[in-house]
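First the structure, in the form of structure tokens, and then the observations on it.
All of the numbers you see were taken from the coordinates with simple rules; none came from a lab. Just so we're clear, the structure is a prediction, and the values are computed from it rather than from any experiment. Here Cβ is always computed from backbone atoms with ideal geometry, including for glycine, and neighbour counts include all displayed protein chains.
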Amino acid sequence: MSASTAPVVRRRSPAGGLLRWESLLVVALAGLVVLGNALSPFFLTAGNFANLLSALMEVAIMALPMTLVIIAGEIDLSVESMAGLASSLLGFLWMNGVPLWLAIPLVLLVGALGGLLNGLLIARGGLPSLVVTLGTLALFRGMALIVLGPDGVSDFPTAFTAFGFGSVPGTLIPWPFVVFVAMAIVLAIVLHRTWIGRQVYAIGQNSGAARYSGVRVARVKISLFVLSGLVSALAGIILTARLNTARADAGTGLTLTVVTIVLLGGVNIFGGSGTIPGVVLAVLVIAVMQNALRLASVTVQVQAIALGLLLILSVVIPTSAHQAKSAFDRARAGRPPPAGSVGQGERSSPTKEEEQG
Amino acid sequence: MPDPVVAMPNATRGRGSWLSAVARQRELSLLAIMFVLGGMVSIAAPQFLTSSNLSQVAVQASIIAVAAVGEALVILTRNVDLSVEATIGLVAYAVARLLELKAVSPIEAMVIGVALGLVLGLVNGAVITLFKVPSIVATLGTLSIFRGIDYLVAGSHQVPVAGLPGNFTSASSGSFLGLPIFVVIAFVIVLVGSALMRSTRFGRQLYAVGSNPEAAAVLGIRSRLVVFTAFALCGMLAGVAGVMWVIEYGTINGTAATGVVLSVVAAVVVGGVNIFGGSGSLAGAAIGALFLGFIANALILVGLSQFWLQAIYGLVILGAVSADALILRRVQQATIEQRAR
Amino acid sequence: MLRTRGRLVTLIAATVLLAAACSSSATTAPVSAAPATAAPPSAAASSAAPASAAAGGITVGYLPKDIVNNYFAAAKTGVDKAAGELGGTVTEVGPPTADATLQIPFIQDLTTKKVSAIIVSADDKDAVAPALQAAMAAGIKVVGFDSSPAVGAYNVFVNQVDFSGVGVNLADWACQLAPNCTGDIAILSAAATATNQNAWIALMKTTLQLPKYKGLNLVATVYGNDDAATSTTQAQGLLTKYPNLKVIVAPTTVGILAAAQVVDAAGKGATVKVTGLGFPNDMKPFVKDGTSPVFGLWSVPDLGYLSYWIADKLATGEIKGTVGETFTVPSLNGGKPYTIGADNTVILGPAFQFDATNVDQFNF
């Protein structure tokens, strides 16, 4: 292992720099709330907050397992298509008389199986996750189209759609938000407090070393993809409930938003660091930003540009700060900068051989 | 002074020649599959093998092929450019709109389009090499930004084909030496690109940076410059694809080329370019594009509903990448055995 | 340490949200409580008072299927014209792609902003229904146009054309363009889930059963998703797959243009004709060169005009939107009254046929 010749690597401990990022997010959130209030008198109302949250909940829910997947050094692009397949399948089953209490678990099972396919190909087959999940992105969507075709199914029972669109009785809190919060709490505990979470970080930082330390890398990765598939199916079900329609094209375009949220939340795209609270904050920041901009009648075009800039800045700022700090430290210590620092903004990944097992 | 690339560790060099042999296999096997499939499909649908159908497939595939060559350059350096579809769309709208406003001549419009693509590629390159943003994040961001600019500029306006100069769009059906013009353009680009890769220092450096960045850095290769150039070229080729888009489809609005990035990356992967960088050929990427267009066309003609297309695309991508991994493993096994002897 | 900081951070965020939630102003009606199958609320809303309901001075949200399709830009010219005459402000909002999921937040925000009325063309009739019903519960008038939301999720739906009429028109034009009303014909539609296109196609197929059309053979229905590139590829596929194709019928302005371009580029304008619903400006060259001698549409600006007019009168209370109600719009329908029909629907009028004799007179 060429650790000694490895160029300067953006290796962050799970704590450390990220906490500064989360604080930045809180500041951004507060700032956006103030801005929103200034832009529209309707902003600071319970109804509005319920709305801005409900629009983003499926994406937010999918962002949680995506966080773990990316921390482990992989990526899952197929989430939106699994949501579509779930919607399509749910509609198909419902249309053919299968009761919801049976159809929903079946759909969740399919989600887990899809995730299993991803996990096996990536962790056991050693295939790159970017390409495998690109393939399953197309495959799952294709399956959704084959199952339901162009039709929509929309005669779901009121209780089901009330879950998607309605709120906890007596309050304005949307049900999907409750699901999101519950899942965020569970995954935060798993990631930040349990040995499983530490394994995930270890795999992301150096999977070869993790394996030599006894971590069952493949097993953990497969579980993460299964979780991602399962949760994507859940998101698809919630989306179906909220829209009161099961469609094969449900969820189209959501993957980019999910990845954007996770990255904005401070998760390093190369794995090894990131937190759930950061991602939760990112969800709120984006939800508030989109809502504030809409209320101010800012066009979607400008919103798209703002989102892209936000994403890039979310990486530029910490990197620049880190570089400035290193330069400052080096100047203080009188040391020259390291030779041949990697210019690709990337670090080497261990060969796939080391990741087997 | 010895050529740094030649002086690279033996294993990498050996791997390079092994993989180039494998890459050649990949292109040939794709062509072979197309041949066999073509035969089978033509039994079910004789219209498949007509020159008008085949040239149509080739013409549409060449737009993706041109973009795929650019994307391949980027992927070879172990990066990815997700913003190509936005570049194509923005260039397409800009060219169409300029022509509609009769502000420039067709030739000028095409040059402006390619230049615009180059500029967008430079933006990507700058964000990635100057600001050290990982390419997947940077191009995700620029995808959003460029598309946003496209919507902003286009609004709800749609340039109708009637707004373009009379014979502008007929170029897509024109031919040169018996082959459709678009195919010739794609062919020339592949030729020039491959020559660049094989015979120039830049080409060798590109492969070096992608296959072993640390070694490349140690050997003094200016990785950042190489990556920057790769993204610039990718943007420029996306600009070319954008111009071709206008000629082929005529009617352009702000959503042009939405969803194209999947086809482009799929073409590159199917064409045998390794997503981890360092191996694969530009010709492979172009053939990958042709292969995917081929399959789409075969599906339509055989009578499978258009809803099967996505699923088949997915299976093709998974198949291609699995085949890649299998071949690589066998190559590595063979190398290990060879060294053990 | 991480855990404490992480929890602290989440606590702050939660506090921010709670504070906002508890500061709800008294006049905001809850917007997320309406389940999809609720009966349409009565016109009299309890608490919320939408922006000034006096004649003139209303605010209207214009929410088309997407903001990129120039069909809706054409409709907006009519909306703006009516707003200018009746006095009122129009805000256009909408997603960049025809996606129902993306329409919902706009409906909710318009509701939050308490506009007087929403004019909407639904990407998916059921998906937008709960949000629209919530808007109606808040006292906002909802006028559907072009593509209807689900029944019960609007006050009035302005149907641009009599469905059965269009179905007959499409069949008739195909018959006119096929030699001796005989031969293979194919349909190139928009999105496979588009309510209006599917309704027109269904009626066209019913019409084709009549003895008059027995020579016509419908070989395929393909979907171009209102996307120029997809429509082009599908049209090319039709030409290749069915060498004896005589007519392509495209009941979508994007599809008919793509099909005409494809036929022209392939040099088959003499043997394959294109018809359907298209903009005169788009189709003029194809009328001239014989590829598309006859096609139809309606006055899209008038559609917008009528929609705004109805929205305004609903907001001021001059009309109620009930079935059987009649009203007259001075500059439309030749002064003849409109009647609100079943499902609270108003029909703009019959489809208008364009051909070589009149296509030059129009500019949209």
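Observations on the model:
- Partner shielding of B:314-327 amounts to 5, given as the average count of beta-carbon atoms from other chains within 10 Å of each residue beta-carbon.
- Karplus (6.51, -1.76, 1.60) ³J(HN,Hα), θ = phi - 60°, over the stretch B:305-313, in Hz, Gly and Pro reported as x: 4, 4, 6, 7, 4, 4, 4, 5, 3
- By average C-beta atoms within 10 angstrom, highest first, the peptides C:226-235, B:35-44, A:168-177, A:289-298: C:226-235, A:289-298, A:168-177, B:35-44
- Principal-axis analysis of the Cα atoms of chain B puts helix B:181-199 at an angle of about 20° to the longest axis.
- In the protein assembly as shown, the DSSP-assigned H stretches of four residues or longer account for a calculated mean residue ellipticity at 222 nm of -20000 deg cm²/dmol, using -39500 (n - 2.57) per stretch and the full residue count as denominator.
- Using alpha-carbon coordinates, inclination of helix A:217-243 to the longest axis of chain A, degrees: 40
- Centre-to-centre separation between the Cα atoms of the stretch B:201-220 and those of the stretch A:189-260: 34 Å.
- GNM result for chain A, Cα springs below 10 Å: residue of A:Ser314, A:Ser54, A:Ser40 fluctuating most strongly: A:Ser40
- Per-residue 3J(HN,Hα) values for the stretch C:332-343, derived from phi via the Karplus relation 6.51 cos²θ - 1.76 cosθ + 1.60 with θ = phi - 60°, read 10, 6, x, x, 7, x, 8, 10, 7, x, 4, 6 Hz in sequence order (x marks Gly and Pro).
- Straight-distance candidates among the lysines for linking to C:Lys113, with alpha-carbon spacing under 19 Å and chain neighbours fewer than 8 residues away dropped: C:Lys141.
- Each Lys and Arg adds +1 at its Cβ and each Asp and Glu adds -1 at its Cβ; summed about the Cα centre, the stretch B:10-340 shows a dipole of about 980 debye.
- Checking the cross-link pairs C:Lys81/C:Lys284; C:Lys214/C:Lys268; C:Lys81/C:Lys288; C:Lys214/C:Lys284; C:Lys214/C:Lys336; C:Lys65/C:Lys114 against a 27 Å limit on the alpha carbon distance flags C:Lys81/C:Lys288; C:Lys214/C:Lys284; C:Lys214/C:Lys336 as lying beyond it.
- Counting only DSSP beta bridges whose two residues both lie in the protein assembly as shown, roughly 25 percent are antiparallel.
- Rounded if a/c under 1.5, otherwise prolate or oblate - the stretch C:163-297, Cα gyration tensor axes: rounded
- Neighbouring Cβ atoms from other chains, within 10 Å of the Cβ of residues in B:300-309, number 5 on average.
- Gyration tensor (alpha-carbon) shape descriptor, chain A, a/c threshold 1.5: oblate
- Gyration tensor verdict on the protein assembly as shown (Cα atoms; rounded if a/c is under 1.5, prolate if a/b is larger than b/c, oblate otherwise): oblate
- Label sites at B:Ala323 and A:Asn96, each approximated as a point 7 angstrom past Cα along Cα to Cβ, lie 3.3 nm apart.
- Protection proxy ranking, peptides B:106-112, C:111-117, average beta carbon neighbours within 10 Å, highest first: C:111-117, B:106-112
- Amide H to amide H distances under 5 Å link C:Ile187 with C:Ala220, C:Thr221, C:Val222, C:Val249, where only residues 5 or more positions off or on other chains count and H is placed in the peptide plane.
- Cβ neighbours within 10 Å from other chains - mean over C:272-282: 1
- Estimated at 0.36 nm per residue, the fully extended path between A:Val34 and A:Arg193 surpasses their Cα-Cα distance by 53.8 nm.
- Over the stretch B:10-340, Cα pairs under 8 Å with separation of 6+ residues give a relative contact order of 35 percent.
- 11 Å cut-off, amide nitrogen to a point 7 angstrom out along A:Ser297 Cα→Cβ, residues in the stretch C:63-97: C:89-93
- Label sites at C:Ala356 and A:Ser326, each approximated as a point 7 angstrom past Cα along Cα to Cβ, lie 7.4 nm apart.
- Rounded FRET efficiency, nearest 0.05, which uses the C-beta distance separating B:Leu49 from A:Arg216 and R0 of 60 Å: 0.70
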